[in-house]
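What follows is one structure encoded as structure tokens, with my remarks underneath.
The values are calculated or read from the model by the stated rules, or taken from the named source; none is laboratory data. As the structure is a computational prediction, the values presented were derived from the model and not from experiment. In this analysis, Cβ positions are derived from the backbone assuming ideal geometry, glycine residues included, and neighbour counts consider all displayed protein chains. We work out accessible area using only protein heavy atoms, side chains counted, and drop any ligands, DNA or RNA first. Shrake-Rupley method; radii C 1.70, N 1.55, O 1.52, S 1.80 Å.
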Amino acid sequence: MEGTRSTRDAYGEVLVSLGVENPKIVVVDADVSKATRTSLFARQFPERFFNVGVAEQNLMGVAAGLSLTGLIPIASTFAVFATGRAFDQVRNTIAYGNCNVKIVATHGGITVGEDGASHQSIEDIALMRVLPNMKVIVPADAFEVEKALRAAVRIYGPVYIRLGRVPVPTVTSKCSHFEIGRANVLRDGSDLAILATGIMVSESLKAAEILSSEGVESAVINVHTIKPLDRETVLETAKRCGALITAEEHSIVGGLGSAVAELLSTECWVALGMVGVKDTFGESGSPKELMKKYGITAGDIVEKAKEVLNKKKTGRAVCR
Amino acid sequence: MAKELLKLIREKATQIRKLVLVMTTVAGSGHPGGALSSADIVATLYFWFLRHNPDDPNWMKRDRFILSKGHSAPVLYAALALCGYFSPNELLTLRRIDSRLQGHPSSIKTPGVEVSTGSLGQGLSVACGIAAGLRLCNSDSRVCVLLGDGELDEGQVWEAALFASHYSLSNLIAIVDFNGFQVDGKLCEVMNISPLVLKWKSFGWKVLEIDGHNIGQIVRGLKKASMYRRGPFVIIAKTVKGKGVSFLENNNDYHGKPLNESQLKAALIELGGEIYWKERDLLEMLTERCSLV
């Protein structure tokens, strides 16, 4: 792991390169272009940038309309507003109409920090995951932002990409493989596997180090695409390790943990533990303090790992 | 304006009204009231104003029409069928399982439907996006969106109204079907929207008030709107809910309820004019369908 960078910073730059390469790319923002970094695109392509003002519902409608003329609109605002404030617009106009809109939301998760609970989106993955036609991607680092965005633009249909505010450690590389719907194994191990998404990938790698020093070998899998979930990798890993942990900067209700539990409960019963925000709102504080208080650090993963390993020892895995 | 053209549009509007009533009665549900109030507007759009090609619904150069008041879907389906997007017989499948004609418009199912609507207040935003996109692509296609007056309660309509004037979308024409009723009653009682003209003006729109049942006025209004180059244009069309059938006019009971069979017969007789299906065939089909329910 070397260097840290926020996924939104990477987004701003990738957007400009995409703008140069593909004249069909247009960007719509709702008065937060400096924070989402779409202002870089706006400066370079003013005629292809639309600021709707503080109007997220209109943001999604305008993006849908742009897509219907053959353009590829990328709609950006904070995750809490993109998915919550404009949920009906995303559902009825974009997802139901299968519009070719890419929603790239920044400020996902609790590490938004000092702005507090009103701005900390810990339910966006759940809200987007439930929509037919919608794909849900959470890049783990700056490299993955570029790959995710390019992949999203290459396919037709709505995609939700969740980015964060604070710098995150680099955990992938420029040339590592990225495919929507294919999870990446970052570390091998057969005692248990940690399925992580977004900033929790780096926490999981740290946790795996700690566990290794205590004699437990855990696999770490980067589940950048939450929908469609990589069923094959999840099931194969479940069968091989017999114990899984999910780690996400999101409510344990409806996110990656739920997606994995839905799959395991019908296909393969193994010991499962979920690390995430426990059905509660956040509060103001520094990202680090919040991660600690709300239980989403490497330490929390280690603790959960021990719990799950215990279950694995006493229970019995049943796989079809 | 040639008299023949006005006559043709009037005939089409009558046919549309009849088809709306027939298909909602056959379906056993739907929203005839607001569909009838917009029949003259929709007929003028599809049989005169809009550049479109039923043989190629995705023709690049077409004008776009968005029915923001999606519950009036039957009026759109009737117009599309009469234009040839699909067979009028298909109208009898409205709201049935496996039908392409959903209770509210679905762009992925129905040829000629541009945007999925039904959740009110969203059509103007989408129209804005289409208008901005077309302008960016140097297209001279125009975008028309039909709004209900009740749906103007939705805040998103006014977000979109701001956007349209801020970006001077002169290829965008909004039409308000101002029939004065929303689901729970009169606008002035449920949620007062007046002064409507001043509201649109203050949002930077050019406004024109017309009688939404006078084809000549609709035609002239659309001409003015398409020639106006300085920004978005809204036509506020004063209409009568249930227009064309005496016992439906200004009767809000039929906002979301179809006629029964005997009411339908009376309504069809009152509307007169050419009917698309021969009366006997129609009644046979109707009886057959009703016995299926």
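Taking only the C-alpha atoms of the range A:184-312, the Rg (one decimal) and the largest Cα-Cα distance, Dmax (whole number), read 13.5, 41 Å. Couplings 3J(HN,Hα) of the range B:85-101, computed from phi: 5, 7, 6, x, 4, 5, 4, 6, 9, 2, 6, 9, 4, 6, 7, 7, 9 Hz, in residue order, whole Hz [Karplus 6.51 cos²θ - 1.76 cosθ + 1.60, θ = phi - 60°; x for Gly and Pro]. Between the helical axis of B:215-227 and the longest alpha-carbon principal axis of chain B there is an angle of about 30 degrees.
Between the residues B:VAL240, B:GLN15, B:VAL143, the greatest Cα displacement towards the positive end of the dipole of the range B:3-292, with unit charges on the Cβ of Lys, Arg, Asp and Glu, is found for B:VAL143. About its Cα centre, the range A:107-255 has a charge dipole of approximately 620 debye under the convention of +1 per Lys or Arg Cβ and -1 per Asp or Glu Cβ, with nothing else charged. Would you mind checking the tilt of helix B:3-27 against the longest principal axis of the Cα atoms of chain B, expressed as 0 to 90 degrees and rounded to 10? Roughly 60 degrees, rounded to the nearest 10.
Excluding ligands, DNA and RNA and using a 1.4 Å probe, chains A and B jointly bury around 2000 Å² of accessible surface, summed across both partners.
Taking all Cα-Cα distances within the range B:3-292, those exceeding 24 Å account for 46%. To the nearest 0.05, what FRET efficiency results for B:GLU11 and B:ASP211 with a Förster distance of 22 Å applied to their C-beta separation? The computed FRET efficiency comes out at 0.75.
Note on the range B:3-292: with charges restricted to the Cβ of Lys and Arg (+1) and Asp and Glu (-1), its dipole about the Cα centre is near 880 debye.
Estimated from the Cβ-Cβ distance and a Förster radius of 41 angstrom, the FRET efficiency linking A:ALA35 and B:ASP253 is about 0.20. With the charge dipole of chain A set up from +1 on Lys and Arg Cβ and -1 on Asp and Glu Cβ about the Cα centre, the Cα lying farthest toward the positive end among the listed residues A:LEU163, A:ASN92, A:LEU309 is that of A:ASN92. Rounded to the nearest whole angstrom, the semi-axes of the ellipsoid equivalent to the range B:135-270, taken from the Cα gyration tensor as √(5λ), stand at 31, 18, 13, largest first.
Modelled this way, with points 7 Å down the Cα-to-C-beta line, the labels at A:GLU262 and A:ASP188 are 3.2 nm from one another. In this label model, A:GLU13 and B:CYS83 are separated by 4.8 nm, measuring between points 7 Å along each Cα→Cβ vector. For the range B:105-112, putting each phi into the Karplus relation 6.51 cos²θ - 1.76 cosθ + 1.60 with θ = phi - 60° gives couplings of x, 10, 5, 7, 9, 10, x, x Hz, in residue order, rounded to whole numbers and with x for Gly and Pro.
Amide H contacts of A:GLY108: A:ALA79, A:LEU163, A:GLY164, A:ARG165, each under 5 Å away and 5 or more positions distant or on a separate chain (H built 1.01 Å from N in the peptide plane; Pro and chain starts excluded).
Could you work out [θ]222 nm for chain A from helices alone, using -39500 (n - 2.57) per DSSP H run of at least four and dividing by all its residues? Round to the nearest 500 deg cm²/dmol. After summing the helix terms and dividing by the residues of chain A, the value is -11000 deg cm²/dmol. In plain terms, the bigger the Kirkwood radius, the slower the diffusion; for the range A:4-169, with that radius from Cα pairs, at 37 °C and 0.692 mPa s, Stokes-Einstein puts D at 216 µm²/s. Here the protein assembly as shown carries DSSP beta bridges of which approximately 20% are antiparallel, counting only pairs with both residues inside. A crude spin-label estimate for the pair A:ILE210 and B:ARG100, with each label 7 Å from Cα along the Cβ direction, gives 6.0 nm. Ranking B:GLY118, B:ALA225, B:LEU271 by Cα position along the charge dipole of chain B, where only Lys, Arg, Asp and Glu carry charges on their C-beta atoms, puts B:ALA225 farthest toward the positive end. For the range B:3-292, carbon and sulfur atoms together expose 50% of the accessible surface, with a 1.4 angstrom probe and every protein chain in place. Over the range A:184-312, accessible surface divided per residue gives 38 Å², non-protein components excluded, 1.4 Å probe. Using the Cβ-Cβ distance between A:ASP115 and A:ARG43 with R0 = 22 Å, the FRET efficiency computed as 1/(1 + (r/R0)^6) comes to roughly 0.30. Between the helical axis of A:142-154 and the longest alpha-carbon principal axis of chain A there is an angle of about 60 degrees. Compactness of chain A, taken as the C-alpha radius of gyration over 2.2 N^0.38 Å, stands at 0.96.
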